[in-house]
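Report on one structure; see the data block that follows.
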């Protein structure tokens with residue numbers, strides 16, 4: 001090997017070793033992990049408003065009424081027999097005249113009867129609403145007690 005190559009190799013190895021032994025220049029100081037400080041110079045994120053669900057009550061839907069019978073009450077009681085119908089409410093509505101309704105008896109498919117004391121005058125401007133006990137019930141018959149005029153007539157509606 002020639003002399004120039006040996007001297008060049010010795011200088012390169014010597015300067016590399018000296019560079020490793022000296023601390024780094026430029027103001028960077030390395031220490032243990034617990035002393036690191038992370039600085040974030042960005043704008044802070046705005047905190048979002050807490051989520052509050054909007055409560056919207058379900059719309060109230062009136063049950064769709066259908067005509068069970070058109071009748072008049074002249075003899076003191078009127079019985080309406082029907083095939084079993086699942087009903088939750090019964091409504092008596094005057095067509096013409098005036099009818100005094102004293103009570104309504106509703107017969108169910110299981111043999112039970114619900115008696116409702118009304119004692120109301122049924123006119124064209126008023127109606128009688130009856131909610132059945134136990135929500136939806138299978139109704140087989142309705143008996144209406146009271147007295148009506150000669151021309152009085154009313155409808156029995158169910159939903």
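The lone criterion from (1) at pLDDT 90 or above; (2) exposed (fewer than 13 other Cβ atoms within 10 Å of the Cβ); (3) within 14 Å of residue 159 (Cα to Cα) left unmet by residue 90 is number (2). For the residues 108, 154, the requirement of being closer than 18 Å to residue 71 by Cβ and buried (at least 18 other Cβ atoms within 10 Å of the Cβ) singles out 154. All conditions but one from (1) farther than 19 Å from residue 63 by Cα; (2) modelled with pLDDT under 90 apply to residue 136; the one that does not is (1). Against the condition without any contact (Cβ under 8 Å) to a residue 40 or more places away in the chain and closer than 19 Å to residue 82 by Cβ, how does residue 106 come out, does it pass? Against the criterion (without any contact (Cβ under 8 Å) to a residue 40 or more places away in the chain and closer than 19 Å to residue 82 by Cβ), residue 106 qualifies.
The values are calculated or read from the model by the stated rules, or taken from the named source; none is laboratory data. Predicted model, so just to flag it, every value in this text is computed and none were measured. Because the Cβ atoms are built from the backbone with ideal geometry, glycine has one as well, and the counts that use them run over all protein chains shown.
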